[in-house]
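K.L.:
I have a structure I would like to understand better, so I am pasting it below and will then ask my questions one at a time.
The values are calculated or read from the model by the stated rules, or taken from the named source; none is laboratory data. In this text the structure is predicted, and so the values were computed from the model without any measurement. No Cβ is skipped: glycine too gets one built from the backbone with ideal geometry, and neighbour counts run over all protein chains shown.
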Amino acid sequence: MIFTAGRVPYASGPGVPGAMDSGIFFYQEQFDQPGIVRNYTKWQYELTRPESVAFALERAFQVASNEPAGPVYLTYPRDIMMQPANDVRMPTARRTNKSVQPAIPEDVVQDVARRLIEAERPLLLAGRNGRDPESLVPLGKFADLLGAPILDSFDYANVDPRHPLRLVAGPSNHVFVGQAMVESDVLLFIDTDLLYLPTQTQLAAGATVITFGLP
């Protein structure tokens, strides 16, 4: 998501298009307007030169679309918007191509694989991997290979809903789901915000917790 907002102009002198020509600008100004949303955005940028329009748009789309995807906030002072802007172009796929995520070290992959293979009661907990639809089938096959139930959240469709090993983290299934976590000896959390609530769920003694997800 990319959202924009106007801002009180910088210029206050006569003859400048878009300058502060009304009293409302003097008492309506937010001294840190991006601060209103800074804690909820990936990036915020204020346009101070018309020559930066192309850069701002390209950067905004690139940051917003790269994982973990998130909102971007752009602000445009009125006097800057009144100036002519040259070479403005909408970003192309080549300019906003997704970044390559860092690979997991090979020794870590081997260690995780060994723990899951040797587990007697492994459990997969899927949070938001469904943002990438191509992850649904591999996750289902991974569960089949391990014989591990998949605790699927309500956030996304993380695995085929007809998969026989899929559990649903809903109120009607609360006891069954909670029991699955308590009895598991290796738990793999896949792109989840919240692992579990220690005040409500006590894992088995010696249980191994592995988290895998986006930064």
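K.L.:
Report whether or not A148 is in a loop (DSSP other than H, G, I, E, B) and in contact with a strand residue (DSSP E or B) (Cβ under 8 Å, 6 or more places away or on another chain).
P.N.:
Values: in a loop (DSSP other than H, G, I, E, B): yes; in contact with a strand residue (DSSP E or B) (Cβ under 8 Å, 6 or more places away or on another chain): yes.
Yes; evaluated as a whole, the condition is true for this residue.
K.L.:
Which of the strands (runs of 3 or more DSSP E) contained wholly in the range 1-108 include at least 3 residues that are in contact with a helix residue (DSSP H, G or I) (Cβ under 9 Å, 6 or more places away or on another chain) and touching a residue at least 60 places away in the same chain (Cβ under 8 Å)?
P.N.:
Result: 2-7, 72-77.
Rundown of residues vs (1) over 30 Å from R128 (Cα atoms); (2) modelled with pLDDT of 85 or more; (3) of a type in the set (D, E), yes/no style:
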| position | (1), (2), (3) |
| --- | --- |
| G18 | yes, no, no |
| V37 | no, yes, no |
| Y45 | no, yes, no |
| N86 | yes, no, no |
| R89 | yes, no, no |
| V100 | no, no, no |
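Okay, residues lined up against (1) aliphatic (A, V, I, L, M); (2) within 25 Å of L203 (Cβ to Cβ):
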| site | (1), (2) |
| --- | --- |
| L116 | yes, yes |
| P138 | no, no |
| D144 | no, yes |
| G147 | no, yes |
| D155 | no, yes |
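K.L.:
Based on what the data block shows, is L187 at pLDDT 85 or above and of a type outside the set (D, E)?
P.N.:
Values: at pLDDT 85 or above: yes; of a type outside the set (D, E): yes.
Against the criterion (at pLDDT 85 or above and of a type outside the set (D, E)), L187 qualifies.
Each row is one residue, and each column tells you yes or no for (1) touching a strand residue (DSSP E or B) at 6+ places or on another chain (Cβ under 8 Å); (2) surrounded by 16 or more Cβ atoms within 10 Å (Cβ to Cβ); (3) over 30 Å from A143 (Cβ atoms).
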site	(1), (2), (3)
F31	no, no, yes
Y40	no, no, yes
M82	no, no, yes
P102	no, no, no
E106	no, no, no
V109	no, no, no
A113	no, no, no
L125	yes, yes, no
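K.L.:
Quick check on my filter: what residues within the range 127-145 are closer than 14 Å to T192 by Cβ and either assigned to a loop (DSSP other than H, G, I, E, B) or of a type outside the set (S, T, N, Q) (or both)?
P.N.:
G127, R128, G130, R131, L139
K.L.:
If I ask for residues that are charged (D, E, K, R), surrounded by fewer than 19 Cβ atoms within 10 Å (Cβ to Cβ) and outside any helix (DSSP H, G or I), which ones from the range 176-215 would you list?
P.N.:
D185, D193
K.L.:
Looking at (1) under 30 Å from D21 (Cα atoms); (2) buried (at least 18 other Cβ atoms within 10 Å of the Cβ), can you tell me which one E51 breaks?
P.N.:
All conditions are met except number (2).
K.L.:
Here's something else I'd like to know. Can you say whether S135 is at pLDDT below 90 and under 27 Å from S65 (Cα atoms), as far as the supplied structure shows?
P.N.:
Judged against the criteria, S135 is not a match.
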